[in-house]
1. Output the relative contact order of region A:26-142, whole-number percent, from Cα pairs under 8 angstrom with separation of 6+ residues.
2. To the nearest 10 square angstrom, how much accessible area does A:Met55 have with a 1.4 angstrom probe?
3. Among B:Tyr52, B:Tyr36, B:Tyr15, determine the one that fluctuates most according to a GNM of chain B built with springs between C-alpha atoms less than 10 Å apart.
4. What translational D, rounded to a whole number of µm²/s, comes out for the protein assembly as shown from Stokes-Einstein when the hydrodynamic radius is the Kirkwood one over Cα pairs, at 10 °C and 1.306 mPa s?
5. Rounding to the nearest 20 debye, state how big the charge dipole of region A:22-93 is about its Cα centre with +1 on each Lys and Arg Cβ and -1 on each Asp and Glu Cβ.
6. Considering the options B:Leu24, B:Ala80, B:Ile60, tell which one lies farthest towards the positive end of the dipole of chain B, charges being +1 on Lys and Arg and -1 on Asp and Glu at the Cβ, about the Cα centre.
7. What angle, in degrees between 0 and 90 and rounded to the nearest 10, separates the Cα long axis of helix A:68-80 from the longest principal axis of the Cα atoms of chain A?
8. Taking Cα atoms, how many degrees apart are the long axis of helix A:128-142 and the longest axis of chain A, rounded to 10 and kept between 0 and 90?
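The values are calculated or read from the model by the stated rules, or taken from the named source; none is laboratory data. If you're wondering where the values come from, they're calculated on a predicted model, not measured in any experiment. Cβ atoms come from the backbone with ideal geometry, glycine included; neighbour counts cover every protein chain shown. The protein model used for the area step is the full one, side chains on, heavy atoms only, and it has no ligands, DNA or RNA in it. Shrake-Rupley method; radii C 1.70, N 1.55, O 1.52, S 1.80 Å.
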There are 2 protein chains.
Amino acid sequence: MRRHAEFDPQDFLPYLLNQAAETLSLEFQRHYRGQYGMLRTEWRVLFHLGCYGEMTAKEICVRARLHKTKVSRAVAALQAKRILTRRELESDRRHAVLQLTSLGQRVFADLSRAAHAFDSEVRAAMTPDEAEVLHRCLIRIAAFETAQRTG
Amino acid sequence: MRRHAEFDPQDFLPYLLNQAAETLSLEFQRHYRGQYGMLRTEWRVLFHLGCYGEMTAKEICVRARLHKTKVSRAVAALQAKRILTRRELESDRRHAVLQLTSLGQRVFADLSRAAHAFDSEVRAAMTPDEAEVLHRCLIRIAAFETAQRTG
DNA sequence: AACTATTGGTTGTAAATGTAACTAACAAGC
DNA sequence: GCTTGTTAGTTACATTTACAACCAATAGTT
């Protein structure tokens with residue numbers, strides 16, 4: 001069957017990386033989607049607020065590398081779910097600092113625990129050395145060409 | 001600012017993996033999208049047909065781990081673009097074997113070359129040893145829990 | 001042969017995403 | 001103080017995706 005054997009999809013890094021990423025994402029979805037009806041972007045916003053503390057939508061855009069419209073919609077959804085509140089700054093009324101409610105903190109604590117457990121589960125499939133190399137490579141790849149994506 | 005330092009997004013493998021994958025995907029999009037107006041799923045279908053030779057939509061679903069509706073629509077789009085043709089089997093008229101047209105083969109050759117070059121570019125960011133570990137880990141992760149996704 | 005189940009594939013519709021255009025608040029130049 | 005530019009964020013609309021229901025062909029059962 002194989003007519004053009006020059007190249008196997010499995011050897012094309014972007015493809016393989018995507019397969020791996022999708023596999024894990026799909027698996028972890030169960031937690032934030034199944035338990036809390038959250039979308040991936042919502043989970044990311046919650047994740048960042050939980051890890052780094054309160055910040056503005058813009059800061060989330062930059063840190064999480066998400067487009068502002070996605071963040072805007074995720075924030076609205078999380079607000080509707082009583083996971084976070086927004087506090088406008090008098091110093092500059094364009095900004096609004098986002099902060100988790102106590103419910104938000106509980107949800108974050110729960111998902112954070114699940115994330116930790118899942119991470120360990122994945123790492124169990126490799127040696128500590130491998131995990132370190134993997135981490136290093138991914139960081140490097142993620143930094144590849146970050147332009148025009150964080151507006 | 002950081003209030004909950006227990007966990008950094010950068011250390012959560014699914015998240016990091018996603019960032020890396022998205023970075024590369026977005027970059028490589030330029031080729032199939034910019035040059036040929038193809039969607040990611042279309043490129044994947046083309047990729048598989050080009051690499052492995054003609055096969056049915058179902059086989060593509062299994063190999064590429066894509067849902068049948070995605071493949072169905074991608075095939076329709078590629079057909080409209082004169083990239084592939086379908087040939088029904090008399091032995092079982094539910095099946096249709098998909099094959100690249102000569103245009104499809106030229107497009108595949110071009111994108112395949114671009115993919116190769118891009119892959120090398122990415123690999124240049126790491127040592128051969130690292131690349132090998134990365135490859136191994138990703139294969140392992142991609143195989144994690146393949147159920148209910150290929151229907 | 002008739003009845004059900006399964007399989008390969010398509011279509012309809014709702015949800016999600018991307019892109020561009022927009023508003024409001026502030027900043028800078030004159 | 002008024003015009004111009006920038007920045008934070010939202011909204012509108014078009015494209016894409018997900019999910020379920022569907023159809024047609026075949027296989028399996030009686």
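1. Working: 104 pairs, mean separation 27.0, N = 117.
After rounding, I find 23 percent.
2. Probe radius 1.4 Å; accessible area of A:Met55 about 0 Å².
3. Most flexible of the set in this elastic network: B:Tyr15.
4. On the way: Rh = 21.0 Å.
Approximately 75 µm²/s, per Stokes-Einstein.
5. Numbers: 15 positive and 8 negative charges, 41 e Å.
I would put it at about 200 debye.
6. B:Ala80
7. 60
8. 70
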